[in-house]
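Novice: Before I ask anything, here is the structure I am working with.
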Amino acid sequence: MEKHTYQKNTAVNRVYKSRIFEMVFSDKKELLSLYNAANGTNYDNPEMLEVNTLENAIYLSMHNDISFVIDSRLTLYEHQSTYSPNLPLRYLMYISDLYSSMTRDENLYGPRKVLLPPPKFVIFYNGIEEQPDVQELRLSDSFQIPDDNLSLELRAVMLNINPGHNPQLLDNCKTLRDYSEYTARVRRYAEEVSLSEAVEQAITECIKEGILSEFLSKNRTEAKKVSIYEYDEEKVMRMMREEAHEDGWKEGRQKGIEEGRAHTLKELICKKLAKGNTLEEIADILEEPLERIQALAGELTEETK
């Protein structure tokens, strides 16, 4: 395959926060270990990895966790603690932006074929909703009508990395297993004590027991802050999903449900503003358009006058 020099993106106006998964596997050695475990390969030179993670995609609220090229193959990793059937669509947008960046200096209208690294899409799931060890998510599942002659398809593999799932994968990548155990402990302890105490307890125990010990020891303050942010975000998303499920979206009730959802969003916006989050951060957390969050925040201001 013809070699390309892929230009690295520069982070501009990042409105998302790093996740523990990203922080851990931003280390090329750890990322290569994860790649080998997921693919049954045995590469041993981390410098073979060319990381090209999107940090300033077209949509500011959209950010892929990790993407990289190795041996002329492009891999995109996503970590998810809440299941979403829309991940193939998001991956389509990510890959479009990545290929646009890679071919920026190519003549797409010329007679010479522009060669691309073939992509692979993998989701590492560790949410509380029960999911199988392995499942395939397809873009075509979102098409409004069935089509036996698809012109466009995207397939993503979702791997459940909760303790007790995919044991071979977790055994082959100690860091992934450690990450799985750490997040499971945070969730478990948060049911009994405050979130801050739960994270502190999980970090202390994991360091003592050799679970992500080097990473947590070096990044204790940041890891605690990010863990609290992640768990809070996960809880908010779960609450909104449950409310949407309970209310339903039956015909004839759309207006009332929209009003109820707007009320729920306002309550969540109030809580997030009180915690010092910006409107951009709130839009990212709630996965809502920034314009809608700004409008609802404006309504809240008027209501409090």
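Novice: Based on what the data block shows, is E78 surrounded by 15 or more Cβ atoms within 10 Å (Cβ to Cβ), of a type in the set (D, E, K, R) and touching a strand residue (DSSP E or B) at 6+ places or on another chain (Cβ under 6 Å)? Give the derivation first.
Specialist: Working: surrounded by 15 or more Cβ atoms within 10 Å (Cβ to Cβ): yes; of a type in the set (D, E, K, R): yes; touching a strand residue (DSSP E or B) at 6+ places or on another chain (Cβ under 6 Å): yes.
It is true that E78 is surrounded by 15 or more Cβ atoms within 10 Å (Cβ to Cβ), of a type in the set (D, E, K, R) and touching a strand residue (DSSP E or B) at 6+ places or on another chain (Cβ under 6 Å).
Novice: Let me ask you something else. Only residues that are at pLDDT 95 or above, surrounded by 20 or more Cβ atoms within 10 Å (Cβ to Cβ) and not β-branched (V, I, T): list them for segment 186-205, please.
Specialist: Within segment 186-205, A202 is the sole residue that qualifies.
Novice: If I ask for residues that are modelled with pLDDT of 85 or more and in a helix (DSSP H, G or I), which ones from segment 284-298 would you list?
Specialist: Selection gives L290, E291, R292, I293, Q294, A295, L296, A297, G298.
Novice: Restricting the first residue to segment 179-201 and requiring it to be closer than 14 Å to K225 by Cβ, which pairs with a second residue that is surrounded by fewer than 19 Cβ atoms within 10 Å (Cβ to Cβ) and at pLDDT 95 or above meet a Cβ separation below 7 Å and a spacing of at least six or different chains?
Specialist: Pairs that qualify, where the first residue is closer than 14 Å to K225 by Cβ and the partner is surrounded by fewer than 19 Cβ atoms within 10 Å (Cβ to Cβ) and at pLDDT 95 or above: there are none.
Novice: Please go through segment 99-128 and pick out each residue that is surrounded by 12 or more Cβ atoms within 10 Å (Cβ to Cβ) and not hydrophobic (A, V, I, L, M, F, W, C). Let's see the steps before the verdict.
Specialist: Going residue by residue through segment 99-128, those that are surrounded by 12 or more Cβ atoms within 10 Å (Cβ to Cβ) are 99, 101-103, 106, 114-117, 119-128.
The answer is Y99, S101, T103, E106, P117, P119, K120, Y125, N126, G127.
Novice: For segment 64-77, state whether one or more residues are in a helix (DSSP H, G or I), modelled with pLDDT of 90 or more and not hydrophobic (A, V, I, L, M, F, W, C).
Specialist: Residues of segment 64-77 in a helix (DSSP H, G or I): none.
No - not one qualifying residue is present in segment 64-77.
The values are calculated or read from the model by the stated rules, or taken from the named source; none is laboratory data. All values derive from a computational prediction rather than experimental measurement. Here the Cβ is made from the backbone with ideal geometry for all residues, glycine too, and neighbour counts use every protein chain on show.
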